[in-house]
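These notes concern the structure reproduced below.
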Amino acid sequence: MRFLTFIPTEPVARWLALGLLFNSLGTGLYGAVLILYFVGGVHLPAAQVGVVATVAAVGGLLFLPAAGGVLDRHRAVRVGTAFLVVEAAAMVWLAFADSIVTFGIGALVAAFAAQGSKVVRGVLNAHISPKEQRGKVRAQLRSCANLGIASGAAIAAIAVTVLPGSELRWLLIGNALTFLVLAAVYLTKLRDVQQTPERRTGASSRRSGTIAAWSDRTYVVVMSMNGVLGVQYAALTVGVPLLVATRPGLPEWLAPTALLVNTAIVVLCQAPMSARVDGVPAAGRSLLFAGLMLGISSAGFVLALLLSGSGAGVALVLALVVIHSLGELLQVAGAFDLSYDLADSRYMGSYQGVYAWTAGVGSALGPAVWSVALAGGTLWGAPVIAAGFIAAGVTAWVAAGRRRVDLDARVEATIRTGSGN
């Protein structure tokens, strides 16, 4: 069916997508009830729970370089299965944690394994998808994950109305089971997935792979600019709710509606958009236009603040959400393609670790950036963010273009050398 464009057609990729969809249901449950369970069920101080959860999430990013190095040396299926088992164990641990210390241990282990799993999926996609289809398939996996998370959050919203706080632990245990289901998919449907021949023959020590990835200036610059663009993810989870909270003229239903519109656009349109972006030049342009559209939508928040007392303000915010969502589609399409095309395939794990780390930092900083920008209804913050998005898009485009020129020059030199022999 054409509307199910977010489901890959290739059998192995389809199994990975379906497994990830089911696993993401648990992720949605986890994200929605974690704080509620430990504050309302275990009765830990809310401030301490929030701080520990934030530290654990940021701490998980520190594990990414090591995870990438491990994937350079070992089969992604085995490493991924190990991460999933650790995640399942961490969920069970959290379900029965009764102090801030045990909560912190479980949250940190879960964050480490979750970040490692992200890198695994990036590497697995490189193994199972043709080179020209990697960006599209990764976008399909992302759409499945988004749909699963949204569905899990909806289930959690119902569960918290009927279950007492202490019984929310069963949702965490349910999340643990989803990790084991995905691990079973890895071991049965992806067991024959192997790394590419060029990676098997290349040097792949953890140190050399990590150094190669982080020493690749073009790759690091492009992925860092993608991380800057990643600040946009908090626009709808923090930015729009702040607009609603600070401007009484905007209705409360606007914040969840904005998130729903964005989710629908991303789930339905990400794969078709990514299918149109193939190769370094197209992916570079995609990040350029992403920066421009995200800049336009962010700057438009100023006008929304000025019009917040009227119906025009509501209409403007929804229009900005659509523009923002299109910018997100372009950003993801370009970043997915470049994360593979600019990488040295011998060290795909380490390169995917760089991509995941830069993207993770941008997403982690997003809530603070938007909170400062829109705090108290100030008008200066949104244009500054807009300028940052535009600058990041231009920088990524220029850097990717230079790598393309370098590659073309190398190919031409190789052809001339061969002709001279």
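The values are calculated or read from the model by the stated rules, or taken from the named source; none is laboratory data. None of these values were measured; they are calculated from a predicted model. Note that each Cβ is placed from the backbone with ideal geometry, even for glycine, and that neighbours are counted across all protein chains shown. Heavy atoms of the whole protein, side chains included, go into the accessibility calculation; ligands, DNA and RNA do not. Shrake-Rupley method; radii C 1.70, N 1.55, O 1.52, S 1.80 Å.
Take R73 and decide whether it is over 21 Å from the mean Cα position of the chain (by Cα) and closer than 29 Å to S274 by Cα.
Working: over 21 Å from the mean Cα position of the chain (by Cα): yes; closer than 29 Å to S274 by Cα: no.
Taking the combined requirement at face value, the residue does not satisfy it.
Quick grid of which residues meet (1) within 24 Å of A150 (Cα to Cα); (2) touching a Cys at 6+ places or on another chain (Cβ under 7 Å); (3) of a type in the set (G, A, S); (4) at pLDDT 90 or above:
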{"site": "L4", "(1), (2), (3), (4)": "yes, no, no, no"}
{"site": "L18", "(1), (2), (3), (4)": "yes, no, no, yes"}
{"site": "T27", "(1), (2), (3), (4)": "yes, no, no, yes"}
{"site": "G31", "(1), (2), (3), (4)": "yes, no, yes, no"}
{"site": "L36", "(1), (2), (3), (4)": "yes, no, no, no"}
{"site": "V42", "(1), (2), (3), (4)": "no, no, no, yes"}
{"site": "A53", "(1), (2), (3), (4)": "yes, no, yes, no"}
{"site": "R78", "(1), (2), (3), (4)": "no, no, no, yes"}
Residue match in region 246-253 (condition: closer than 21 Å to L379 by Cβ and surrounded by 16 or more Cβ atoms within 10 Å (Cβ to Cβ)): yes
Counted residues, region 89-101 - those being part of a helix (DSSP H, G or I) and open to solvent by 10 Å² or more (accessible area, probe 1.4 Å): 5
Subset of region 154-211 that is among the small types (G, A, S), modelled with pLDDT of 85 or more and open to solvent by less than 30 Å² (accessible area, probe 1.4 Å) - its residue that is nearest to A13 (Cα to Cα): A183
Number of the exception - L292 against (1) open to solvent by less than 40 Å² (accessible area, probe 1.4 Å); (2) over 25 Å from A150 (Cβ atoms): (1)
Checking V119 against (1) more than 30 Å from A47 (Cβ to Cβ); (2) not in a helix (DSSP H, G or I), the condition it does not meet: (2)
Whichever residue in region 93-118 is among the polar types (S, T, N, Q) and over 22 Å from the mean Cα position of the chain (by Cα) and, among such residues, is nearest to N23 (Cα to Cα): T102
Filter result for A343 (over 15 Å from the mean Cα position of the chain (by Cα) and not in a helix (DSSP H, G or I)): yes
Residue selected from region 262-289 under the condition out of contact with any Leu (no Cβ under 7 Å at 6 or more places or on another chain), over 23 Å from V228 (Cβ atoms) and of a type in the set (A, V, I, L, M), by the criterion surrounded by the most Cβ atoms within 10 Å (Cβ to Cβ): A271
Residue count, region 366-395 (criterion: in contact (Cβ under 8 Å) with a residue 12 or more places away in the chain, over 21 Å from the mean Cα position of the chain (by Cα) and more than 21 Å from S286 (Cα to Cα)): 8
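Looking at G50, G59, G80, G104, can you tell me which residue is crowded, with 21+ Cβ neighbours inside 10 Å and in a helix (DSSP H, G or I)? Break it down stepwise before answering.
Values: G50 fails: crowded, with 21+ Cβ neighbours inside 10 Å; G59 fails: crowded, with 21+ Cβ neighbours inside 10 Å; G104 fails: crowded, with 21+ Cβ neighbours inside 10 Å.
G80 is the lone residue from the list that is crowded, with 21+ Cβ neighbours inside 10 Å and in a helix (DSSP H, G or I).
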